[in-house]
Each structure stands twice: as structure tokens, then as C-alpha cells.
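Below is one structure, written out as C-alpha cells, with a few remarks after it.
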Amino acid sequence: MTHRCTITCSEPGCKTPITYDAKAESVPLYCEKHRTPTGRHAEVRILQRAKNIEPLVEWVIMICPKCKKRQNQLKDAWLLGEPVKCTCGVKMIYHKDFEPVRM
């Protein structure tokens with residue numbers, strides 16, 4: 001079900017309602033009587049919707065002090081203190097941060 005929205009014509013003294021769909025990208029500011037192809041009476045209002053912005057995912061690089069292998073780990077997991085073991089069995093240590101990325 002789509003919602004119908006209504007605004008009033010922007011012409012002073014005009015009370016004509018302008019209906020539009022809630023999912024529309026733009027809506028004219030003037031009714032059909034006052035609307036023109038060019039000029040200020042051709043203006044439309046751009047309806048901006050809030051976009052779903054994905055959260056930033058931060059990573060850290062862990063390094064093995066023995067064999068120097070590197071491994072990526074989520075920063076949240078690293079902050080919680082979850083140990084990361086290398087394939088050689090040694091506990092990896094923090095090396096540096098990655099640039100945050102949107103997933």
C-alpha cells in the first residue's frame with residue numbers, strides 16, 4: 001500500500017492541494033493552474049529519503065613475533081581480548097589499524 005501525501009500550491013492565495021505518492025522522488029510546488037514549463041513556477045521539491053548507511057567495519061593487522069606472518073582481525077574482537085594464534089602456535093600481537101571500510 002502506498003501512502004498519498006498532500007501539499008498546498010505555493011502561489012499566494014491558492015489553496016489547491018497537490019497530491020503525490022510518498023515514494024516519489026520530487027513533487028511540483030505549484031498546481032496545474034499555476035505551473036509553467038520554465039521559471040520559478042516550474043520548481044519542484046526534491047524529496048530526500050534517509051539512506052540506510054552501513055556501519056563502518058574496522059580491522060586491525062596482527063603479526064606473529066616469531067614467523068612474521070600477518071592476519072586481519074575485526075577491531076571489536078581484538079578490543080575484547082580474543083587471542084589470535086598463528087599457524088606456528090605463537091600468540092599474535094597487534095601491528096596496525098586498517099582503514100575503516102563499509103561492508
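The values are calculated or read from the model by the stated rules, or taken from the named source; none is laboratory data. Every value quoted in this text rests on a predicted model; they were computed, and no experiment measured them. Positions of Cβ are backbone-derived with ideal geometry, glycine not excepted, and every protein chain shown enters the neighbour counts.
Against the list (1) outside any loop (DSSP other than H, G, I, E, B); (2) free of Cβ contacts under 8 Å to residues at least 24 places away in the same chain; (3) surrounded by fewer than 13 Cβ atoms within 10 Å (Cβ to Cβ), the condition T87 fails is (1). For segment 1-56, how many residues are among the hydrophobic types (A, V, I, L, M, F, W, C), within 30 Å of D76 (Cβ to Cβ) and part of a loop (DSSP other than H, G, I, E, B)? Qualifying residue count for the region: 2. Here V27 meets each of (1) in the same structural domain as D97 (by TED's automatic domain parsing); (2) in contact with a Lys or Arg (Cβ under 6 Å, 6 or more places away or on another chain) with one exception, condition (1).
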